[in-house]
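Bear in mind these aren't lab numbers, they're just calculated from the coordinates by the rules spelled out. Keep in mind the model is a prediction, meaning the values are calculated, not measured. Virtual Cβ from ideal backbone geometry, glycine too; neighbours counted across all protein chains shown.
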Amino acid sequence: MTFLRTAVNAQRKARGEEDLSAADFLKIIRAKAKALKIDADMLKRPVNVGFSGGEKKRNEILQMAMLEPKMCILDETDSGLDVDAMKLVSEGVNALRDAGRSFLVITHYQRLLDHIKPDVVHIMADGRIIKSGGPELALEVEHNGYADILAEVN
Amino acid sequence: MALPQAKQTATEERLAALTMPDAGCTRKAREAALARVREMGLPSRRDEYWKYTRPDTLVSAEALPAAVFHTDEPMLFNEFDRLKIVFVDGVFSPDASDDLKLEGVTIDRLEDICCKDIHWAKELYGVLEANGQTPVPRPLAALNTAFASDGVAIHVTGKPSKPISLIYRHESETSDAILHHIVRVESGAEVTILENGPAASRFNKCMEIDIADGGKLHHVRAQGRDHQRRSATHMFTRMGQESVYKSFTLTVNGVLTRNEQVIELTGDDAMAHVAGACVGDGDFLHDDTVFVTHDAVNCESRQVFKKVLRNGATGVFQGKILVKEGAQKTDGYQISQSLLLDDDSQFLAKPELEIYADDVACSHGSTSGAIDETALFYLRSRGVPTEDATDMLTLAFLAEAVEEIEDEDLAGVIVSRLQDWLARRR
């Protein structure tokens, strides 16, 4: 929690905003943690004391919610998450979506995209974007696999 | 066997500088302790037990002067309701102390016990210290028993409503204090004892603690910020069945500190936890020497010592768990770790286990390392400045030791002192 507060205030300073007071910070973090089902004990845990995989993910989303970055890169956020946890994480992401913020979501599966509706989908192969489209492109891949697209490009 | 000449000379020189107080009922114990000192001789750097810590300045006839540190910072524990017992340069100060009356406990000054022929403390004075001389001699503790000039006897019969707080003020640059306390916690009684302050330019303190069946003692101590002070402390603890002893020590600064903890678990199902957090900078040597003896069934002991060192500071840990024959189902744990913030500091550790029972779980570990670069990167990637990130990781490193303090408020003030240290030392 100390870590998050320091990080939040460092970010605010960089943006030329006032520091959050301890009380305000507590109020905000408690509300956001509750939404992500992170209990108070977990907030108190020292920075480097064992978090499980799912706890780490939720913690990352909490950090994102607190730090409010302009650009978020979520690299395979869905790996190692069960269905419920994925829903929580997605809700965290959706809550942050607005016109002033971009998300780059990297995933192997359509599953996550049921929860986080993408604006644009890019398909990447061998380090190059080989096809771009709307959300329907991800659905197409889910049904037909990548083979068609790869053949089309080659 | 006769002592080596140099050791005998050094011992006699030290003894010549001391006078035994008029001792009443403790006289016999004091004379026996003096005989022990003569037999063992005072420590010298050739002794195995003093291999990492040079005892010269602790045993010299005269104490080296130490500047008194002045600060506007309020004394530790000031915000707590507690019974204050104040010693100034090792002398009890009735004016600064509270009235020594509290329900569930009786407190007597050593001086008063000395005038009485019969007193409960007589059964303990020098007894646990004498027991603790085998298998490893601790001559400075025997010297303390023989020559202690002040101290208190705390007899806990109930559950006092507030902690008993021993405060050691350092006001004279040339003070050389020897204090001896005796604590007896009766069956089912429970008490918290706080100690804080640098005490004197040179401080030799011995505390003998006897915890009866089901008794509980919580001990939290901090050793002050005076940098030039030197101290050697001993705590001898004997524990009955289902008794609990938890001790935590915070050391920030101090050119030389040797803290010995000698614990004997003599009743079944007892639990002893000793922990320490020390942060040292520059000309600083801190030595934790711990000896835990399991002599009963199903007891648990934990030793958790963490040291943060920089600018050539030295940390020492000598910890031992001895499990006697028949002490089955022992659960012994020992960890000593150092965080070295630069290449000039060093940590010297001697973890030991000696086990004569076949159904026990004992573990020990010792590590020395720098700040984890990956963790530092993680924090910095979230926008935390490097210095703040380093402090955060340092506090997280110390957390396991601080967590041994049961009372959350006490743990909180210890953490804030550690934060202050980190902030000052940039």
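Summary of values
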read-out: Built amide H within the under 5 Å cut-off of B:Thr192, gap 5+; value: B:Ile164, B:His218
read-out: Rg to Rh, two decimals, where the range B:302-426 supplies the alpha carbon set and Rh follows Kirkwood; value: 1.06
read-out: Where N is the number of residues in chain B, Cα Rg divided by 2.2 N^0.38 Å; value: 0.95
read-out: Convex hull per residue volume in Å³, alpha carbons only, for the protein assembly as shown; value: 193
read-out: Hz values of 3J(HN,Hα) by residue in the range A:16-32 - Karplus curve (6.51, -1.76, 1.60), Gly and Pro given as x; value: x, 9, 5, 4, 7, 6, 4, 5, 4, 4, 4, 4, 5, 5, 5, 5, 5
read-out: Under Karplus coefficients 6.51, -1.76 and 1.60, residue-wise ³J(HN,Hα) of the range B:170-177 in Hz, glycine/proline x; value: 10, 10, 10, 5, 10, 5, 9, 10
read-out: Size descriptor, Kirkwood hydrodynamic radius, that averages inverse alpha-carbon separations across the range B:22-123, Å; value: 17.9
read-out: Among A:Asn94, B:Ser60, B:Met40 - extreme Cα towards positive end, dipole of the protein assembly as shown, charges at beta-carbon; value: B:Ser60
read-out: Shielding by partners - mean other protein chain Cβ count within 10 Å, residues of A:10-17; value: 2
read-out: Of B:Ile118, A:Met42, B:Cys278, farthest towards positive along the dipole that unit charges on Lys, Arg, Asp, Glu beta carbons give the protein assembly as shown; value: B:Cys278
read-out: Radius, Kirkwood style, for chain A when every pair of distinct Cα atoms is counted (Å); value: 17.4
read-out: Dipole magnitude of the range B:57-106, debye to nearest 20 (Cβ charges: Lys/Arg +1, Asp/Glu -1, about Cα centre); value: 180
read-out: Listed residue (A:Gly54, A:Asn144, A:Thr107) projecting farthest to the positive dipole end of the range A:14-154, Cβ model; value: A:Gly54
read-out: 10 Å Cβ neighbours from other chains, averaged over peptide B:200-206; value: 0
read-out: The range A:1-80: GluC sites (Glu not before Pro) in DSSP coil with no more than 14 other Cβ atoms inside 10 Å; value: A:Glu17, A:Glu18, A:Glu76
read-out: Stokes-Einstein translational diffusion, the range A:1-52 - Kirkwood Rh over all Cα pairs, 1.306 mPa s, 10 °C, in µm²/s; value: 133
read-out: Cα centroid separation - the range A:52-117 against the range B:19-45, whole Å; value: 70
read-out: Placed amide H near B:Tyr333: partners under 5 Å, 5+ positions off or other chain; value: B:Ser301, B:Arg302, B:Gln303, B:Ser363
read-out: Which of A:Tyr146, B:Tyr333 has the fewest Cβ neighbours within 10 Å, and the rest in rising order; value: A:Tyr146, B:Tyr333
read-out: 3J(HN,Hα) from dihedral phi, the range B:102-119, Karplus parametrisation 6.51/-1.76/1.60, rounded to Hz, x for glycine, proline; value: 7, 5, x, 8, 10, 10, 10, 7, 3, 4, 6, 5, 4, 7, 8, 7, 10, 7
read-out: Shape metrics for the range B:88-196, restricted to C-alpha atoms - Rg then Dmax, Å; value: 14.7, 43
read-out: Using alpha-carbon coordinates, inclination of helix B:386-402 to the longest axis of chain B, degrees; value: 40
read-out: Coordinate range along principal axes, alpha carbons of the range B:271-345, Å, largest first; value: 46, 15, 13
read-out: Peptide B:391-403 - average C-beta neighbours from other chains (10 Å radius); value: 3
read-out: Cβ-placed point charges (K, R +1; D, E -1), dipole of the protein assembly as shown about Cα centre in debye, nearest 20; value: 800
read-out: Computed magnitude of the charge dipole of chain A (debye, nearest 20; Cβ of K, R +1, Cβ of D, E -1); value: 840
read-out: Cα long-axis angle, helix B:27-40 against chain B (0 to 90 degrees, to the nearest 10); value: 60
read-out: Long-range amide H partners of B:Glu352 with built H, under 5 Å; value: B:Gly319, B:Lys320, B:Ile321
read-out: Protection-proxy order for peptides B:45-55, A:83-93, B:387-397, each taking the mean of Cβ atoms within 10 Å per residue, highest first; value: B:387-397, A:83-93, B:45-55
read-out: Ordering of B:246-257, B:132-143 by burial proxy (mean other Cβ atoms within 10 Å per residue, highest first); value: B:246-257, B:132-143
read-out: Rounded Å value of the spacing that divides the Cα centres of the range B:391-410 and the range B:210-233; value: 17
read-out: Helical mean residue ellipticity (222 nm; -39500 (n - 2.57) per DSSP H run of 4+; nearest 500) of the protein assembly as shown; value: -9000 deg cm²/dmol
read-out: With 10 Å bins from 0: P(r) over the range B:361-426, alpha-carbon pairs, percent; value: 18, 40, 34, 8, 1
read-out: For the range B:58-73 versus the range B:237-251, the gap between their alpha-carbon centres in whole angstrom; value: 29
read-out: Rounded tilt (10° steps) of B:5-16 against the dominant C-alpha axis of chain B; value: 70
